[in-house]
Amino acid sequence: MTPRLRARAALRSFVVMSAFEQPGKTISLLLERGDEETSPLPGCTIHVVLGASAGARLELPGGSAVIGRGRGCDLVLDDRRVSSRHLRIDVAEDGFLVTDLGSKNGTFYLETRVERAVLPLGSTLRVGDTRLLLASRYQSASETHSALDHYGKLIGTSPAMRRLYALLEKLERIDYATLILGETGVGKELVAREIHAHSQRGLGPFEVCDCAALTPTLVESELFGHRRGAFTGADSDYRGAFQRADGGTIFLDEIGELPLELQPKLLRALESHQVRPVGSSKTVSVDTRVIAATNRDLGAAVESGRFRKDLFFRLNAVTVTVPPLRERREDIPVLVGVLLEEMGHREVAIAPATLELFITGHVWPGNVRELRNALARFRATGREPVGFGEDSEVRTEIAGDGRAPPPFQDEKRRVLEGFERDYLVRQLELADNNISQAARASGLERTQFKRLLRKHGII
């Protein structure tokens, strides 16, 4: 079983990404959330995230719960290093009071043994070989909470994730323009790809146009195409992204960067389903669904006159907001496993102490992208990233299954690919995630640099 499948089986209450819908008025009847309360309920859910009992959980709405190996405990753990009555957790006014009940091997938080301490939501505890997570409680599954445990490449079954699945399932039946909002690094393009893949256009093309990566003079040509001789360097006809996406979906990334003078042309394309290539007097009909994304506050941009109000409302038929990683820390354990697998490091597991720091010791301003970059840096340098406190060694555990090492060429290729990826990550960090600046610093063409980023799954 791969780490991804193990993560799904054992950590069934975690999120890879979550989104909260803000449906537009034009389809409010289709996406209405109803009167259900969606904020966290009092108390917590105690999840067993690592150990022989992984996947077990206990709802603790109030009062207290005793955890241990004995059958009379509220949460029974299959762990020989756990005492019969190991610890008690009480719901307190300002958090959760954790009390060790005289256990032989102790109760640990951030690798510090605790006898009695008040801890916040998102805390993880180590008891024996088991890890416990104190997570939020939400309303049970309903019309607004799907029962799915994954949606395409989106993984997780937390309440927030199930809300996202429920919305995406509704979007499968409609073909409206969609606006995805969220901070840099939260995974807006992945959400867009899943919307496309599960729609009636799923077999059609999916075209990406990064509005922030193109110069103002080239954006119009990239979107709508051009005719030969339309401008210097236009040596042949060029089909723009709208035409290439005919029958499918066009994803307009960083739509907030679109020049103001081009916004009326985009609005016209959305309303008429026609585009006019640069240098042409004729329009071309296109059948394309538009999904746009931005990390900017478009409402504020409208108020300041930097973004057209009519275009904003046209794009805002359906809105999906992807929250930052710091608001869903309980997802980090499953993310770590999946990201390590995607990076080709299946044999590596982050040590429990470091995993606890990942969950509670950092605010992750760069979100999932920063988490991926941190894991790549750990593998390259063995050091924690800036922001975790003092620079210290990162502990990892290499799977010791007794197998012989891989062939020389395979291992060489793995090491070289690891170097290539770590180099790209470092250049991006030095350039504050500015792809053009990072490409210049590396001596590569921007298109080549971006192709390498996509190859390694960095963007």
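The values are calculated or read from the model by the stated rules, or taken from the named source; none is laboratory data. As the structure is a prediction and not an experimental result, all values here were calculated from the model. Note that we place each Cβ from the backbone using ideal geometry, even for glycine, and neighbour counts take in every protein chain shown. Remember, those area values only see protein heavy atoms, side chains included, never the ligands or the DNA or RNA. Shrake-Rupley method; radii C 1.70, N 1.55, O 1.52, S 1.80 Å.
Close Cβ contacts (under 7 Å, 6 or more residues apart or on different chains) running from residues in segment 222-237 that are on the phi < 0 side of the Ramachandran plot to residues that are acidic (D, E) comprise R227/D237; R228/D235; R228/D237.
Sort out which residues of segment 100-122 are open to solvent by less than 30 Å² (accessible area, probe 1.4 Å), more than 23 Å from R329 (Cα to Cα) and assigned to a strand (DSSP E or B), and write them in order of number. Don't jump to the end; show me each part of the working.
The initial filter retains those residues of segment 100-122 that are open to solvent by less than 30 Å² (accessible area, probe 1.4 Å), namely 100, 103, 106-107, 114, 117, 119, 122.
Still in the list and also more than 23 Å from R329 (Cα to Cα): 100, 103, 106.
Passing the criteria: only D100.
For segment 186-207, a residue qualifies if it is touching a Leu at 6+ places or on another chain (Cβ under 9 Å) and either open to solvent by less than 40 Å² (accessible area, probe 1.4 Å) or in a loop (DSSP other than H, G, I, E, B) (or both), and the qualifying residues are V186, G187, K188, V191, E194, I195, H198, S199.
Of the residues R57, R131, R88, only one is modelled with pLDDT of 95 or more and over 30 Å from E189 (Cβ atoms); which? Walk me through it before giving the result.
On the way: R57 fails: modelled with pLDDT of 95 or more; R131 fails: modelled with pLDDT of 95 or more.
Sole residue among the options that is modelled with pLDDT of 95 or more and over 30 Å from E189 (Cβ atoms): R88.
If you check R57, R81 for being farther than 20 Å from I332 by Cα and basic (K, R), only one passes: R81. Only residues that are exposed (fewer than 15 other Cβ atoms within 10 Å of the Cβ) and of a type in the set (G, A, S) were counted across segment 208-248, and they come to 4.
Which of the residues belonging to segment 191-207 are touching a helix residue (DSSP H, G or I) at 6+ places or on another chain (Cβ under 9 Å) and either among the β-branched types (V, I, T) or under 14 Å from E169 (Cα atoms) (or both)? Steps first, please.
Initially, segment 191-207 is screened for residues touching a helix residue (DSSP H, G or I) at 6+ places or on another chain (Cβ under 9 Å), giving 191, 194-195, 198-199, 202, 204-207.
Once the filter is applied, which keeps residues that are touching a helix residue (DSSP H, G or I) at 6+ places or on another chain (Cβ under 9 Å) and either among the β-branched types (V, I, T) or under 14 Å from E169 (Cα atoms) (or both), segment 191-207 yields V191, E194, I195, H198, S199, G202.
Exactly one residue out of E271, E330, E370, E342 is farther than 29 Å from E420 by Cα and within 20 Å of the chain's Cα centre (by Cα): that is E330.
Yes/no per residue for (1) out of contact with any Lys or Arg (no Cβ under 8 Å at 6 or more places or on another chain); (2) loosely packed, with under 15 Cβ neighbours inside 10 Å; (3) at pLDDT 75 or above:
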| position | (1), (2), (3) |
| --- | --- |
| V368 | yes, no, yes |
| R377 | no, no, yes |
| G382 | yes, yes, no |
| I398 | yes, yes, no |
| A431 | yes, no, yes |
| A438 | yes, no, yes |
| S442 | yes, no, yes |
| H456 | no, no, yes |
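If you go through segment 153-172 and pick out every residue that is at pLDDT 85 or above and either open to solvent by 10 Å² or more (accessible area, probe 1.4 Å) or over 24 Å from T249 (Cα atoms) (or both), you end up with 4. Every test in (1) loosely packed, with under 15 Cβ neighbours inside 10 Å; (2) under 30 Å from E169 (Cα atoms); (3) of a type outside the set (F, W, Y); (4) in contact with a helix residue (DSSP H, G or I) (Cβ under 6 Å, 6 or more places away or on another chain) is passed by L148 save one, and that test is (1).
Note on segment 51-71: residues that are in a loop (DSSP other than H, G, I, E, B) and either without any contact (Cβ under 8 Å) to a residue 12 or more places away in the chain or within 16 Å of V127 (Cα to Cα) (or both) total 9.
Can you confirm whether segment 270-277 contains a residue that is open to solvent by 70 Å² or more (accessible area, probe 1.4 Å), assigned to a helix (DSSP H, G or I) and either touching a helix residue (DSSP H, G or I) at 6+ places or on another chain (Cβ under 8 Å) or not hydroxyl-bearing (S, T, Y) (or both)? So far as segment 270-277 goes, yes, one or more of its residues are open to solvent by 70 Å² or more (accessible area, probe 1.4 Å), assigned to a helix (DSSP H, G or I) and either touching a helix residue (DSSP H, G or I) at 6+ places or on another chain (Cβ under 8 Å) or not hydroxyl-bearing (S, T, Y) (or both).
Restricting attention to segment 298-329, the residues that are within 30 Å of G361 (Cβ to Cβ) and buried (at least 20 other Cβ atoms within 10 Å of the Cβ) add up to 5.
Among the residues of segment 287-297, write down those that are open to solvent by 10 Å² or more (accessible area, probe 1.4 Å) and in contact with a His (Cβ under 8 Å, 6 or more places away or on another chain).
As a first pass, look at segment 287-297 and keep what is open to solvent by 10 Å² or more (accessible area, probe 1.4 Å): 287-288, 295-297.
D287, T288, listed by residue number.
Can you find, within segment 75-96, the residue that is nearest to the chain's Cα centre (by Cα) among those that are crowded, with 16+ Cβ neighbours inside 10 Å and without any contact (Cβ under 8 Å) to a residue 24 or more places away in the chain?
Applying the first criterion (crowded, with 16+ Cβ neighbours inside 10 Å) to segment 75-96 yields 75-77, 79, 81-83, 85-89, 91, 95-96.
Remaining after also requiring without any contact (Cβ under 8 Å) to a residue 24 or more places away in the chain: 76, 83, 85.
Values: V76: 32, S83: 37, R85: 38 Å.
So the residue we want is V76.
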